[in-house]
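Enquirer: The structure under discussion is supplied below as structure tokens; questions concerning it will follow.
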Amino acid sequence: MASFLFIRLLRWSVGLMLILFVTYAMMYYGAGDPIRMMFIQGEDFDTEDEAVMRALRAKYGLDEPFLVQFSNYISHLLQGDWGRSIRLQVDRPVLEIVQFRLPISMQLGFAATLIAAVVGVTLGVVAALYHNRWLDRLIITSVLFVTSIPIFVIGPMLLLLLVLILKWIDVPYGWNGLFHIDAALPVAVIAIGPLPGIVRQTRSAMLEVKSQQYITTARAKGVSESRIILRHMLRPVMTPVITTLGLIMIALINGSLFVELIYNIPGFGLLTIEGIRTVDYPIIMAVAVVGTLIIFVSNFLVDMIYPILDPRVRVQ
Amino acid sequence: MSAAKPEAQVARIADDGSIYAGAQRNLWQDAARRFRKNWLAVAGLVVIALFLILALIGPHIAPYDFLEQNIVKAFQGSSAEHLLGVDDLGRDILSRMLHGARTAALVAFFTTIISLVIGVLVGGWAGIRGGRTDEFLMWISDLIQAMPGLLLVILINTTLRRPIINWFDALYEQTRNSFYLNTLWLDYVLVFSALALIGWPGLARLIRGQVLSIGEEDYVLAARALGASERHIMGRHVIPNAMGPLVVAVTAGMGGAILLEASLSFLGIGIQPPNASWGSMLQEGLRYWQIFPHLMLIPAVTIGIVQVAFVFLGDGLNDALDPRRNS
Amino acid sequence: MSKKILTLFIVALVLLLSAAGAMAQDQVLRIATGSSGVANFSFQILSAGGDQQNWITFQSVPPLYFDVDSNLHTGYFNDWSQNEDSTVWTFSVDPAARWSDGTSITAQQVIDSWQVQAAPLNSVGRIRTYLGNVAGFADAREAAAEDAMTVDVSGLSALDDATVQVELVLPDPIFFWRIATAHMAIARAEDVLEHGFNEFWKPENNPIVNGPFILTSFDPDGQKAEMTPNPEWWKDGPILDKVTFQFVTDQTIVGAMALNDQIDASLAAAPSVLRAQMPDYFRQFQAIGFNTFWMQPSREPTNDPKVREALIKSVDWNAVFQAAFPIEGSGVMTTQTLDDIVTCQNPDATGYPYDVEGAQAALAASSYGSAENLPKLRVTPRGSNEFNNRALQAVIEFWRQNLGIENVEFQQDPNSFGDDLDKVNLSRDDVVIRFPDAATYMWAAGHSAGPVAGSSMLSGYHNEALEAAIDEALTLSPDDPRRCELALEAQAQYEGDYVIMHFGKPLRTANAREHVKNYYSGPDVSVIEPWKISIERM
């Protein structure tokens, strides 16, 4: 077991290093000089000044050749120094920014997953119970239609509907905690994304269970229908759903970018966009490191937990 | 060595107890029959077919040049001259939508084909060879999946454009062939390749899984025992049997690619104006939606319909190609 | 019985509290800051650029400043004089001027702050436009160590506690206009040296300022900030009890927040389609602020004057204006380089002619001969501003229709060009001159020592006749009619070189609801006299 873990860890460390190398190389060779961008972007064209740019490049170590820059970055990273933002929040330690932003996206992702799961499983079960009847079709098609509208259309439209037409809420702004009214709309919009997947998964799992013999047996024994649904059907349906929920949550943490952009939420997804827009190397690298680590860790956890949930795998 | 005819091995016992023995042709016929019964899937197929035909001939039947501006008419709604109205620069929306259909079709198909080819090759190879090859290939695909997908796509789109354009400029300097000057299509290529790059690992895993499970089946073991080459096993047994899940994944991927392209346009990267793409039309239309909603609604609704059609088609194909689902 | 009294008491208390709350709410100004595309939330006083330049005057007074009607007012300087040939200037610090810790502002403090801005590391690129002509400025920057936080400019000296003397290299009769901008606001140099250039202004470092408000909270994560009155403020007011800032970059959201009464004013303009719903928000005033496209004269293919001529003449600039400003009253057409609020214009200017045949002839006469042989044109409107985007797309379409040019790379965001920024042929900016002088305006636009030709946008541009005219004009008194004539001569030279494309400027809008009184931006975009702003709801 220990050697198995060790090999895994080694493999992932090499992988992470590879990803960081490629990311840095792409930034260095493709995105251009962040200092130059800094003056050209926005309204500051006239402030381009070689003396100024030279001084700034030296300050951030950007005047070094690629390999030196990269190895400097890695050695600093290994010592826990994530660098300082060049442009986004000038000179602020990147770690500080990440520490604030990541939990926001995690909370959003977690809440959205929970809502998507509850709504999705309910709809899936209902659809399966009314298999091939109009309610089934209605659920499946309406869920699909809602998801087929791009999130950046549905996001602003819902916002303007609720704020300006119905006047139920104010324009949500910033981050005031998960339980603040401002978080409701973003969470709901994020939850739309994985909904059809969950509905369909639940529905087909339900359909499979429905035809199993033990259900027929239970029914023959006179067990009440609601009891059959709750005790005998839901449990086997939930297992595969739960295992995919983790993956959905990871996808949501990384993918809440559009919602964060639309609703001004200073989360991790927005940081990705802002980092790229400002060509802020340390920010982009931090996003790559953290984003990759999240997925590594979650893959690892899934691998560890899955045998516990599914005895068949354990036997193998 | 083709002694083992695949038709003989497709024999399977269906849920209803009847035995499907016989030609693969029959399997396809059955699938077609089942598919026709699913009206949602047929509707999806019709919409997709219409979409493809329009993508193919649309630019030729477009009433106007999709770039032509008629600034005096800017923002006008539907009229006899312009069925869907005109946009903020007085360009005919119908013509732009038809060109956008071509863009969308190109994105959907190239993205999927590239990722499908890579996925099948890598997944198949990994599944058949097993061992170290399998481990290495799956490690690579894990790594690509481990990077946040959108970050990867955005990075590729923002960083790879320049080196490739410069390469072409250099080629032009050498050859003086004016083909290398026009790098507009690079927008397309970059979007395809970026989307394909994040798409293939999923397909590779799928194929590998199929290969592994089918490889355990008796008839494949038999074929292998009879000395059939790996290429033969792959081509005759594995791929035909993996068709069902693959078709579903591919159709879903096509719809997803169209949506992703639109999302890239929303972020201001990807296909740039004045080239017509549904995503960029949508993004520009969002600016004016309160007063001129048609600018936003037309592309949004179109994307939605095509998207749903792809999903219904995929579902229908899945049900049709998987005999066990026949209930 | 007592229950009833208690209830009454509570009701009264609630009413009282809410009334008090309403009163306290009265003088709060809520601003949405942040322009689209660039995510930089900062309240730096000394950096002279970026979004924060709009809010400098809340915290710090300029030396002198222009109001909306281009009248000059005094800030921390209250008097000035110049020698005969305008090479030596003296400025007196207002004896009333003091810092938020109660101490007076000294001449040496002014000089120290300017010298901090002059240090290259502090990246105040714009300082060249203001102090570039001061003796020793260029040498000091050249000699500065890479990590120097301040430099020593020999031409700046304090004659006594209240007098700053500035020695110039070349005569400059309008030097006092030049420094009349919030960009020359000051901070205490020792604070900058102690906490760092990007840190000293943050509330945790107890910044000492000389403006009407103090930044009391700054939350870079939540992207909110708050300012409260400076108790040591030395002019009248301020009337506001509080100013709050939120960072919002999306125009649609800004519009919704304004309509929903969540903000009173914003930096990013609301979408122009909201004009009918919020006429007050869009009320207009005059300001320099002028968008033009420039063609790069030292890059292929725009290095060929014939190509530039063709590219300009093939475009119907009236149509471009219409494309840029389709909504009635959102812009004014421009027919010449000089902005309509600087000291002089050419009254007969009609703009570039729409001359398709002339354009085609010019292209044929160019070294490339035809559209097919033309190398790729790289163009950018530099940002997502709706007016510029539509204008540039219209321009590209005219090129395609009239010249057959299809090989154009259009990128909204100049960053997308990466290192190929050095090859961009056309980009957009305004002539960043913050005072209404025609000669200086032309200097900035066309002189090779000026900011536009000094930037990569127009680098390599050089016109002997233009520079001779400007060099002479700049030494003349602003009252001398010759100064104006020379500026117009320079303009004629400039337009004859076909480097500038002008079509119109968006009218400057208040971007504030009607109940916000005395809220104006000056020519340097910072808010003028924020201590006079008040909230007066009907």
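Enquirer: Could you say which residue among A:Ile283, A:Ile305, A:Ile294 is in a helix (DSSP H, G or I), more than 12 Å from the chain's Cα centre (by Cα) and at pLDDT 80 or above?
Expert: Going through A:Ile283, A:Ile305, A:Ile294 in turn, just one is in a helix (DSSP H, G or I), more than 12 Å from the chain's Cα centre (by Cα) and at pLDDT 80 or above: A:Ile283.
Enquirer: Same structure again: Is it the case that A:Glu208 is out of contact with any helix residue (DSSP H, G or I) (no Cβ under 6 Å at 6 or more places or on another chain), more than 21 Å from A:Ile139 (Cα to Cα), at pLDDT 75 or above and open to solvent by 40 Å² or more (accessible area, probe 1.4 Å)?
Expert: no
Enquirer: Need at least 3 residues that are open to solvent by 40 Å² or more (accessible area, probe 1.4 Å) per element, so show me which helices (runs of 4 or more DSSP H) inside the range C:451-538 make the cut, counting only ones lying wholly within it.
Expert: In the range C:451-538, the matching helices (runs of 4 or more DSSP H) lie at C:464-474, C:481-496.
Enquirer: How many of the residues making up the range C:282-296 are open to solvent by less than 10 Å² (accessible area, probe 1.4 Å), in contact with an Asp or Glu (Cβ under 8 Å, 6 or more places away or on another chain) and part of a loop (DSSP other than H, G, I, E, B)?
Expert: 2
Enquirer: Another question, if that's okay. Residue by residue through the range A:216-240, note down the ones that are in contact with a helix residue (DSSP H, G or I) (Cβ under 6 Å, 6 or more places away or on another chain) and open to solvent by less than 40 Å² (accessible area, probe 1.4 Å).
Expert: Passing the criteria: A:Ala218, A:Ile228, A:Met233, A:Val237.
For (1) crowded, with 22+ Cβ neighbours inside 10 Å; (2) among the hydroxyl-bearing types (Ser, Thr, Tyr), each residue gets a yes or a no:
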| site | (1), (2) |
| --- | --- |
| B:Ala101 | yes, no |
| B:Val107 | yes, no |
| B:Thr111 | yes, yes |
| B:Leu116 | no, no |
| B:Gly130 | no, no |
| B:Thr133 | no, yes |
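Enquirer: Taking the range C:394-407 on its own, how many of its residues are at pLDDT 85 or above and either open to solvent by 10 Å² or more (accessible area, probe 1.4 Å) or of a type in the set (Asp, Glu) (or both)?
Expert: Summing the residues that are at pLDDT 85 or above and either open to solvent by 10 Å² or more (accessible area, probe 1.4 Å) or of a type in the set (Asp, Glu) (or both) in the range C:394-407 gives 8.
Enquirer: Can you find even one residue in the range C:420-433 that is part of a loop (DSSP other than H, G, I, E, B), closer than 20 Å to B:Asn157 by Cα and open to solvent by less than 20 Å² (accessible area, probe 1.4 Å)?
Expert: Among the residues of the range C:420-433, at least one is part of a loop (DSSP other than H, G, I, E, B), closer than 20 Å to B:Asn157 by Cα and open to solvent by less than 20 Å² (accessible area, probe 1.4 Å), which makes the answer yes.
Enquirer: Residue by residue through the range A:267-280, note down the ones that are in a helix (DSSP H, G or I) and of a type in the set (S, T, N, Q).
Expert: Hit for the range A:267-280 is A:Thr272, nothing else.
Enquirer: Any chance you could count how many residues in the range C:109-128 are over 12 Å from A:Ala51 (Cα atoms) and more than 21 Å from the chain's Cα centre (by Cα)?
Expert: Final tally of qualifying residues: 5.
Enquirer: With respect to C:Pro203, is the statement that it is more than 14 Å from every other protein chain (Cβ to nearest Cβ), in contact with a Phe, Trp or Tyr (Cβ under 7 Å, 6 or more places away or on another chain), within 17 Å of C:Asp101 (Cβ to Cβ) and open to solvent by 40 Å² or more (accessible area, probe 1.4 Å) true?
Expert: The answer is no for C:Pro203.
Conditions tested, residue by residue: (1) farther than 22 Å from B:Ser277 by Cα; (2) open to solvent by less than 80 Å² (accessible area, probe 1.4 Å); (3) in contact (Cβ under 8 Å) with a residue 24 or more places away in the chain; (4) within 11 Å of another protein chain (Cβ to nearest Cβ).
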| position | (1), (2), (3), (4) |
| --- | --- |
| B:Ala31 | yes, yes, yes, no |
| B:Arg34 | yes, yes, yes, no |
| B:Trp39 | yes, no, no, yes |
| B:Val42 | yes, yes, yes, no |
| B:Phe51 | no, yes, yes, no |
| B:Asn70 | no, yes, no, yes |
| B:His82 | no, yes, no, no |
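Enquirer: Any idea which residue in the range A:72-106 is most open to solvent (accessible area, probe 1.4 Å), counting only those that are within 14 Å of chain C (Cβ to nearest Cβ) and farther than 27 Å from C:Asn122 by Cα?
Expert: Result: A:Gln99.
Enquirer: Also, I was wondering about something else. Return the residues of the range A:170-198 that are among the hydrophobic types (A, V, I, L, M, F, W, C) and within 12 Å of another protein chain (Cβ to nearest Cβ); say none if nothing qualifies.
Expert: A:Val171, A:Trp175
Enquirer: Could you go through the range C:281-296 and let me know if any residue there is within 12 Å of chain B (Cβ to nearest Cβ) and touching a helix residue (DSSP H, G or I) at 6+ places or on another chain (Cβ under 7 Å).
Expert: no
Every residue, every condition in (1) touching a residue at least 12 places away in the same chain (Cβ under 8 Å); (2) open to solvent by 10 Å² or more (accessible area, probe 1.4 Å); (3) polar (S, T, N, Q), yes or no:
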| position | (1), (2), (3) |
| --- | --- |
| A:Val119 | yes, yes, no |
| A:Gly124 | yes, no, no |
| A:Ala127 | yes, no, no |
| A:Met157 | no, yes, no |
| A:Leu166 | no, yes, no |
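Enquirer: Which members of the range C:231-250 meet the condition of being buried (at least 22 other Cβ atoms within 10 Å of the Cβ) and more than 10 Å from chain A (Cβ to nearest Cβ)?
Expert: C:Pro238, C:Leu240, C:Val243, C:Phe245 - these are the residues of the range C:231-250 that are buried (at least 22 other Cβ atoms within 10 Å of the Cβ) and more than 10 Å from chain A (Cβ to nearest Cβ).
Enquirer: Give me the pairs: first residue in the range C:143-164 and over 19 Å from C:Leu131 (Cβ atoms) and of a type in the set (Ser, Thr, Tyr), second residue open to solvent by less than 40 Å² (accessible area, probe 1.4 Å) and at pLDDT below 90, beta-carbon distance under 6 Å, and six or more apart or on different chains, which are they?
Expert: Every condition considered, no pair remains.
The values are calculated or read from the model by the stated rules, or taken from the named source; none is laboratory data. Quick caveat: nothing in here was measured; it's all calculated off a predicted structure. With ideal geometry, Cβ positions are generated from the backbone for all residues, glycine too; neighbour counts draw on all protein chains shown. Heavy atoms of the whole protein, side chains included, go into the accessibility calculation; ligands, DNA and RNA do not. Shrake-Rupley method; radii C 1.70, N 1.55, O 1.52, S 1.80 Å.
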